[in-house]
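In what follows, a structure is listed as structure tokens, so that the remarks can point back to it.
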Amino acid sequence: MGRTDVTGSITISRRPQPEFRIRARYHGRFEAQADVSIGSTEVVIAVDAGGLVSGRVVFPGGTPVPAGIHVLAWSMTDTRPAREFADDALHERDGLHAVTSSDGRFEIRGFDRAQTYNITAAGDGLMRKQPLRSIEPDATSVLIEIDVAYGAVVTLLDAQSHTPLRVPGSFWPFGAVKTRVDDATLTHFVPGGAESILAGVDTRWFEHRDSYSHHVTLCSSPSRREAVGPFTIHAELPGYEPVEAEFFAKPLSQGVHLVEVLVTPSATQWGQLRVVSVGTLAGGPVATRTRLPAGFVVLRDERGGTLRYALSDLGTGLWTFEPIPVGQYQATLLLHGGLTRVPSGEVLSISIGSEPATLVFPVEQLGAVEVLVRDRDGAAYSSALTLDVERPSGATHSVGFESAPYLVQGLTPGEYSIRVLSPFLSRSAADGGTGQVVIRGGEVSVLEFSAP
């Protein structure tokens, strides 16, 4: 086995047998083969290299970007996260990838003519917010606009010890940490996409983008600046005084700008909370791979502050959260964005002190639904999937799965409407189907979708 050179040639110095067969593969998808007979010294194998997409990468206004900017494409039906394709491109693994020439031009070959594609560009501190979509194979005039990207990572530290904050890793930071900027000309990016990786952002920051201790800001500006901002970060975290601070984002070509903000502790004592579910959860301890936590323990303190601690897996039955500031709290268990509230219609009082405190929630009266998706041939679909789960009251929550099983546990008995959202499904699978299901306490209902 070997690879061809830039001219498409390869030399086999030793014949494995007097007669043998050579198989050529391009981009892992396009193949051709030829038989080699005795006395042959040259063999030509014609491989259909698929569709060709070409175009230019430019700044807003049409100025070409410099050479070496990455251009990446992937099928709109592919279920892998886009960041994985970007990682393949940077490590020169197979994929639809090219770099720009000095006039910003690019050319990528190997497109399946039965598919449509996403295409994006980034590199050397340049990014676009999101990919161009629905690009057809053999498109020859694709124009991709990108701009200078700016970034900053704000790290919150304990003001007394200058160490990481004493907040459990399960603490959910949405609403507790916010940033704002009074500059309408900035375009804001979501960290962790393909563009972030191609632009040179260290992947370790993606793990902290939703963290209470690290906040990642990425944006672009139509004008070139030494820095953009000021941004204001406001944080209200358990056991600490509210803090507000300003920071600037700097060009990514210089590396991610690191900022430290000190937060003053308000708690003098810390305790531990144990949460126990009583009864058998319908569906059992199944390890489902969801994109967001299945539920939260919500604590409301005496000042009206709300603390949310994530439950990553409902099948565990026992969760421990520490450290939590000592005090009196009202507690509720919310599942699936509030579709289910335990206990129903009430809250529990809990005192967290020097000894571990325990909360007990009954789950035996809750039900579950398993969604099965099959293609036209009856084969089971098992990749990324998102479900919209709606109660008769109109409350809706989206549950995103990385892979099967698509099991939604901990639902209050009643009738539900479930819709399959399928932006990443193949065209042969279910697309936007809706079904009705009755949830019964202690049971798993099954709802099946088949492609039309």
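Would you pick out the residues in region 312-335 that are within 26 Å of SER383 (Cα to Cα) and buried (at least 20 other Cβ atoms within 10 Å of the Cβ)?
Our first condition is that a residue be within 26 Å of SER383 (Cα to Cα); within region 312-335, this holds for 312-316, 335.
Residues satisfying the conditions are LEU314, LEU335.
Are there any pairs with C-beta distances below 6 angstrom linking a residue in region 321-346 that is on the phi > 0 side of the Ramachandran plot to a residue that is at pLDDT below 90, with the two at least 6 apart or on different chains, and if so which?
Within 6 Å, the pairs are GLY327/ASP301; HIS336/HIS397; GLY337/HIS397.
Quick check on region 391-426: of everything there that is exposed (fewer than 14 other Cβ atoms within 10 Å of the Cβ) and among the charged types (D, E, K, R), which residue is modelled with the lowest pLDDT?
Going through the qualifying residues, I end up with GLU402.
Out of ARG300, ARG225, ARG289, I need the residue that is outside the structural domain of SER403 (by TED's automatic domain parsing), under 30 Å from LEU126 (Cβ atoms) and of a type in the set (Lys, Arg). Which one?
Working: ARG300 fails: under 30 Å from LEU126 (Cβ atoms); ARG289 fails: under 30 Å from LEU126 (Cβ atoms).
Answer to the selection: ARG225.
Is it the case that some residue within region 357-372 is more than 24 Å from VAL297 (Cα to Cα), out of contact with any Cys (no Cβ under 8 Å at 6 or more places or on another chain) and assigned to a loop (DSSP other than H, G, I, E, B)?
no
Determine whether VAL275 is aliphatic (A, V, I, L, M), over 12 Å from ALA357 (Cβ atoms), in a strand (DSSP E or B) and touching a residue at least 12 places away in the same chain (Cβ under 8 Å). Lay out the reasoning, then the answer.
Working: aliphatic (A, V, I, L, M): yes; over 12 Å from ALA357 (Cβ atoms): no; in a strand (DSSP E or B): yes; touching a residue at least 12 places away in the same chain (Cβ under 8 Å): yes.
No.
Consider region 157-176. How many of its residues are part of a strand (DSSP E or B) and out of contact with any Asp or Glu (no Cβ under 8 Å at 6 or more places or on another chain)? Step through it out loud before you land on a result.
Of the residues in region 157-176, the ones part of a strand (DSSP E or B) are 157-158, 164, 171, 174.
With the extra rule that they be out of contact with any Asp or Glu (no Cβ under 8 Å at 6 or more places or on another chain), the set shrinks to 158, 171.
Final tally of qualifying residues: 2.
Determine the pairs where a residue that is over 12 Å from SER450 (Cβ atoms), located within region 362-383, has a partner that is among the basic types (Lys, Arg) with Cβ atoms under 6 Å apart, the partner being 6 or more residues away or on another chain.
Listed by first residue and then by second, the contacts come to GLY367/ARG440.
So that you can scan it fast, the table gives a plain yes or no per residue for (1) surrounded by 14 or more Cβ atoms within 10 Å (Cβ to Cβ); (2) closer than 29 Å to PHE85 by Cβ:
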residue: LEU165; (1), (2): yes, no
residue: LEU186; (1), (2): yes, yes
residue: PRO191; (1), (2): yes, yes
residue: HIS234; (1), (2): no, no
residue: PRO242; (1), (2): no, no
residue: GLU246; (1), (2): no, no
residue: LYS250; (1), (2): yes, yes
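Is it true that some residue in region 284-306 is surrounded by fewer than 20 Cβ atoms within 10 Å (Cβ to Cβ), β-branched (Val, Ile, Thr), over 24 Å from VAL408 (Cβ atoms) and out of contact with any Pro (no Cβ under 9 Å at 6 or more places or on another chain)?
Yes - at least one qualifying residue is present in region 284-306.
For region 145-177, which positions are within 20 Å of the chain's Cα centre (by Cα) and under 20 Å from PHE296 (Cα atoms)? Explain how you work it out, then say what you get.
Step one: of region 145-177, the residues within 20 Å of the chain's Cα centre (by Cα) are 151-153, 169-175, 177.
Hits for region 145-177 are GLY169, SER170, PHE171, TRP172, PRO173, PHE174, GLY175, VAL177.
Can you name the residue in region 140-155 that is of a type outside the set (D, E, K, R) and surrounded by fewer than 18 Cβ atoms within 10 Å (Cβ to Cβ) and, of all such residues, is modelled with the lowest pLDDT? Talk me through it step by step, then tell me what you get.
Taking region 140-155 as the starting set, the residues that turn out to be of a type outside the set (D, E, K, R) are 140-144, 146, 148-155.
Subsequent filtering for residues that are surrounded by fewer than 18 Cβ atoms within 10 Å (Cβ to Cβ) retains 140-141, 143, 155.
Working: THR140: 84, SER141: 88, LEU143: 94, THR155: 91.
Only one residue fits best here, namely THR140.
What is the number of the single condition among (1) free of Cβ contacts under 8 Å to residues at least 40 places away in the same chain; (2) within 30 Å of TRP319 (Cα to Cα) that GLN160 does not meet?
Every listed condition holds for GLN160 apart from (1).
Taking SER221 as meeting all but one of (1) under 16 Å from GLY151 (Cβ atoms); (2) touching a Phe, Trp or Tyr at 6+ places or on another chain (Cβ under 9 Å); (3) crowded, with 19+ Cβ neighbours inside 10 Å, write down the number of the exception.
(3)
If you scan region 387-415, which residues turn out to be under 13 Å from HIS336 (Cα atoms) and hydroxyl-bearing (Ser, Thr, Tyr)?
THR396, SER398, THR412, listed by residue number.
When you check LEU348 against the structure, is it more than 16 Å from THR412 (Cα to Cα), surrounded by fewer than 18 Cβ atoms within 10 Å (Cβ to Cβ) and not assigned by TED's automatic domain parsing to the domain that holds PRO238, yes or no? Full working, then the answer.
Numbers: more than 16 Å from THR412 (Cα to Cα): yes; surrounded by fewer than 18 Cβ atoms within 10 Å (Cβ to Cβ): yes; not assigned by TED's automatic domain parsing to the domain that holds PRO238: yes.
Spelling it out, LEU348 is indeed more than 16 Å from THR412 (Cα to Cα), surrounded by fewer than 18 Cβ atoms within 10 Å (Cβ to Cβ) and not assigned by TED's automatic domain parsing to the domain that holds PRO238.
The values are calculated or read from the model by the stated rules, or taken from the named source; none is laboratory data. Source: prediction; values computed, not measured. All Cβ positions, even for glycine, are placed from backbone atoms using ideal geometry, and neighbour counts span all protein chains on display.
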